[in-house]
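Below is one structure, written out as structure tokens, with a few remarks after it.
Laboratory data are not the source of any read-out in this text; all were calculated from the coordinates shown. As the structure is a prediction and not an experimental result, all values here were calculated from the model. Cβ placement follows ideal geometry from the backbone for every residue including glycine, while neighbour counts extend to all protein chains displayed.
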Amino acid sequence: MANRINLNQTSYHGAGAIEEIANEAKAHGFKKAFVCSDPDLVKFHVTSKVTDILEKNGLAYELYSDIKPNPTIENVQHGVQAFKDSEADYLIAIGGGSSMDTSKAIGIIIANPEFEDVRSLEGTAPTKKPCVPIIAVPTTAGTAAEVTINYVITDVERKRKFVCVDPHDMPIIAIIDPEMMSSMPKGLTASTGMDALTHAIEGYTTKAAWEMTDMFHLKAIELISKSLRGAVENTKEGREGMALGQYIAGMGFSNVGLGIAHSMAHTLGAVYDTPHGVACAMMLPIVMEYNQECTGEKYCEIARAMGVKGVDEMSQDEYRKAAIEAVKKLSVDVGIPTKLEAIKEEDLQFLAESAHADACAPGNPKDASVEDLKDLFRKIM
Ligand SMILES: NC(=O)c1ccc[n+]([C@@H]2O[C@H](COP(=O)([O-])OP(=O)(O)OC[C@H]3O[C@@H](n4cnc5c(N)ncnc54)[C@H](O)[C@@H]3O)[C@@H](O)[C@H]2O)c1
Ligand SMILES: [Fe+2]
């Protein structure tokens with residue numbers, strides 16, 4: 001089977017990149033933007049960094065901010081109604097994965113109203129039309145939703161997060177401006193950065209990985225491990241490295257898939273509302289240990305990309321251990337917890353079954369049974 005690569009039509013990178021939004025909106029002849037952003041970003045004047053540019057350029061917009069972290073079916077449905085009422089003709093997503101994913105779902109449903117129940121978009125739904133054009137402006141350095149064909153929505157009633165995979169949701173323009181990320185507090189920088197590292201490592205070791213995505217993932221692992229500690233300290237170099245590293249990871253994993261660290265993180269997000277990056281960071285080293293026997297020489301390259309010295313002199317056992325230790329050390333250095341107290345023994349069956357059914361599970365290099373997943377969840381209790 002041929003390998004497929006989907007990317008943005010256009011992306012802008014670097015400090016001040018948000019200024020390009022006005023030129024792009026005018027060049028496309030857009031009339032009115034439906035701006036999706038979350039309430040905290042509005043309150044802390046992150047959203048206004050972009051809306052000020054729209055105002056300065058006389059570009060009309062309407063703001064929608066009924067979006068919570070781990071966004072819900074209701075957030076999407078209210079957004080679809082508000083979009084219709086607004087008479088907008090394009091979307092600007094300003095935020096982390098939650099704002100960008102909500103925008104994608106709204107844009108898809110406006111163009112494909114037969115999916116208005118939202119749930120039917122799970123997996124690879126047969127949508128017919130590209131979503132309403134999206135300009136995506138990430139404010140976290142983590143999900144890379146601005147360049148992925150995925151979005152993740154929470155079904156509160158069924159306690160599930162479901163992944164939708166659809167090339168029709170790809171933002172036409174991505175604006176990756178590290179200055180949009182500089183207001184992130186330390187803990188959020190750390191957890192969203194570890195989400196990006198999880199994308200890079202799971203994308204590199206997933207079953208469908210191939211040369212081109214390996215190239216993206218190895219570069220992303222290198223950039224993220226070099227930059228995350230600095231980003232947490234809010235250095236310019238750290239923010240720039242993370243902005244680029246997380247995007248490059250997205251260029252890869254979006255096209256090949258992930259693994260069970262993500263399946264398990266989705267479940268933890270749905271059941272305990274655990275922030276996505278924290279859940280990924282807790283699961284990543286545990287899943288790396290579990291997967292190691294099915295990864296050939298890949299952990300040697302992960303260790304090298306993470307700056308481990310002397311990998312060529314190491315045995316397979318040694319470089320695998322070194323790669324896992326490098327991930328654990330980075331996670332501890334940026335203050336990620338290793339335990340989730342909310343998990344109870346009686347929850348394990350539901351958690352494991354839910355992770356087993358998640359869209360990311362089939363990509364894992366080692367096939368994990370429900371019992372295996374229970375054992376892995378136990379390690380963070
Ligand atoms: N589409 C994809 O490919 C993809 C990939 C991974 C994860 N996700 C999904 O994305 C969601 C997580 O997104 P996220 O981790 O980016 O966080 P988020 O969008 O959920 O935001 C988390 C919190 O951080 C705040 N925040 C964001 N940027 C900020 C900034 N610059 N300054 C201050 N506060 C800021 C927000 O206001 C919010 O309260 C999850 O639902 C996850 O499943 C999607
Ligand atoms: Fe993720």
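Given the pairs Lys159/Lys219; Lys49/Lys298; Lys219/Lys379, which span a C-alpha to C-alpha distance of over 32 angstrom in this model?
Checking Cα-Cα distances, Lys159/Lys219; Lys49/Lys298 exceed 32 Å.
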Packing rank of 217-229, 48-60, where each peptide gets the mean count of other beta carbons within 10 Å, highest leading
217-229, 48-60
Want the number for Glu211 to Asp117: 0.36 nm per residue separation, take away the alpha-carbon distance, what's left?
30.0 nm
Fluctuation leader among Phe44, Phe34, Phe115 - the chain, Gaussian network, Cα springs under 10 angstrom
Phe44
What's the angle, to the nearest 10 degrees (0 to 90), between helix 97-111's Cα axis and the longest principal axis of the chain?
50 degrees
Proximal charge balance of Ile380 [Cβ under 10 Å; K/R count +1, D/E count -1]:
+2
Give me the angle, in degrees from 0 to 90, between the Cα long axis of helix 316-333 and the longest principal axis of the Cα atoms of the chain, rounded to the nearest 10.
50 degrees
Per the helix-only calculation at 222 nm, which mean residue ellipticity applies to the chain, given -39500 (n - 2.57) for every DSSP H run of n ≥ 4 and division by its residues, nearest 500 deg cm²/dmol?
-16000 deg cm²/dmol
Simple SL model, points at 7 angstrom along Cα→Cβ for Lys236 and Asp317; separation in nm is 4.8 nm
Relative contact order for the range 237-336: what is it in percent, counting Cα pairs under 8 Å that are at least 6 residues apart?
21 percent
Can you tell which of Pro133, Pro113, Pro171 shows the greatest fluctuation in a Gaussian network model of the chain with Cα springs below 10 Å?
Pro113
Among Ser65, Ser315, Ser182, determine the one that fluctuates most according to a GNM of the chain built with springs between C-alpha atoms less than 10 Å apart.
Ser315
Taking the Cα centre of each part, how many Å lie between the range 1-76 and the range 173-212?
19 Å
In degrees between 0 and 90, to the nearest 10, how far off the longest principal axis of the chain does helix 211-232 point, with axes built from Cα atoms?
80 degrees
Using only Cα atoms, locate the centre of the range 130-158 and the centre of the range 343-363, then give the distance between them in Å, rounded to an integer.
23 Å
